[in-house]
Ligand code: SF4
């Protein structure tokens, strides 16, 4: 007699189970790719990052984020209604043990124009910064200058960097906690030399997505600690805080990020941003005006609630 098998019973055939697992993984990976394309496309559109005829220099460090940036921009270029060019650029700073064959091999295989700029900033930084002092600020300044020059030489009017949503949020909190400034990392800005537009097309993308995408695509990641610089402990602290919030308070990080695009200068304290000194009453009711007294969350109970609680005590 044949045994009756429930349709809800788990797949016991190992080959079938593997196939089901592979199908699910392919589905999730496809969803991730679509999400990345959507978010990058949205950021590009919201900030008008790329226009017809642009030549975009994509800065490739060999880290997960810049690989993801290049990959997604290449996909979007295929679909875009406008024409723009991409040149991948890596600055080889001559850090000890930098595997200088990895990026050229990867980019050749990809078949896109690229340029490797060899500049020994590592030695300069080592020579100029006293032992034990942080090297990042001089290193980044040197790198920035070189990349602007290379963009000029390659005829690129846009410089795309791989910073993502979490970089922006970390910078925002670093500036607030340690610098006393309400300042993040812009999605689009004019370069220091005033000649190029710097863009961050991953501005809406979570780091966890670039991590997953890098693993899915098998990008040949180059370690980022070759310079021997100490990890920035303050940034690490902020990163841990944000990751903790993702677990304990889902939605909070999204809300903070969204607040960066919804600024109300009249409700902050920056006298350069809002003309408090010249503020005048005009007798005209403003329906969008101050609602501070209406929606205090819990520290100051609304008048009606106070009355009810007083009545109940009676
Ligand atoms: S971590 Fe190293 S390579 Fe990166 S900015 Fe700092 S010194 Fe430069």
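Here the stretch 162-192 is the region considered, the condition is being free of Cβ contacts under 8 Å to residues at least 24 places away in the same chain and touching a helix residue (DSSP H, G or I) at 6+ places or on another chain (Cβ under 8 Å), and the residue that is nearest to residue 40 (Cα to Cα) is 185.
Scanning the stretch 67-90 for residues that are in contact with a strand residue (DSSP E or B) (Cβ under 7 Å, 6 or more places away or on another chain) and more than 17 Å from residue 196 (Cβ to Cβ) yields 70, 74, 77, 90. Count, please, the residues in the stretch 106-121 that happen to be surrounded by fewer than 16 Cβ atoms within 10 Å (Cβ to Cβ) and within 14 Å of the ligand (Cβ to nearest atom). The number of residues fulfilling the criteria is 1. Could you go through the stretch 248-256 and let me know if any residue there is farther than 26 Å from residue 183 by Cβ and at pLDDT 95 or above. The answer is yes, given that some residue of the stretch 248-256 is farther than 26 Å from residue 183 by Cβ and at pLDDT 95 or above. Criterion applied to 279, 233, 288, 310 was being modelled with pLDDT under 95, within 16 Å of the ligand (Cβ to nearest atom) and exposed (fewer than 10 other Cβ atoms within 10 Å of the Cβ), and the one residue passing it is 233. Looking at 146, 124, 159, just one residue is touching a helix residue (DSSP H, G or I) at 6+ places or on another chain (Cβ under 7 Å) and within 13 Å of the ligand (Cβ to nearest atom), and that residue is 124. Of everything listed in (1) in contact with a strand residue (DSSP E or B) (Cβ under 8 Å, 6 or more places away or on another chain); (2) touching a residue at least 24 places away in the same chain (Cβ under 8 Å), the single unmet condition for residue 195 is (1).
Whether a residue is more than 13 Å from the ligand (Cβ to nearest atom), surrounded by 15 or more Cβ atoms within 10 Å (Cβ to Cβ), modelled with pLDDT of 95 or more and part of a loop (DSSP other than H, G, I, E, B) was assessed, and residue 72 does not pass this test. Selection of first residues in the stretch 88-111 that are on the phi > 0 side of the Ramachandran plot and of second residues that are at pLDDT 95 or above, restricted to Cβ pairs under 6 Å at least 6 apart or on distinct chains, gives the following pairs, ordered by first then second residue: 94/120.
Applying the criterion of being surrounded by 12 or more Cβ atoms within 10 Å (Cβ to Cβ) and free of Cβ contacts under 8 Å to residues at least 40 places away in the same chain to the residues of the stretch 245-262, the residue that is farthest from residue 46 (Cα to Cα) is 245.
The values are calculated or read from the model by the stated rules, or taken from the named source; none is laboratory data. Since the model is a prediction, treat every value here as computed from it, not as a measurement. Because the Cβ atoms are built from the backbone with ideal geometry, glycine has one as well, and the counts that use them run over all protein chains shown.
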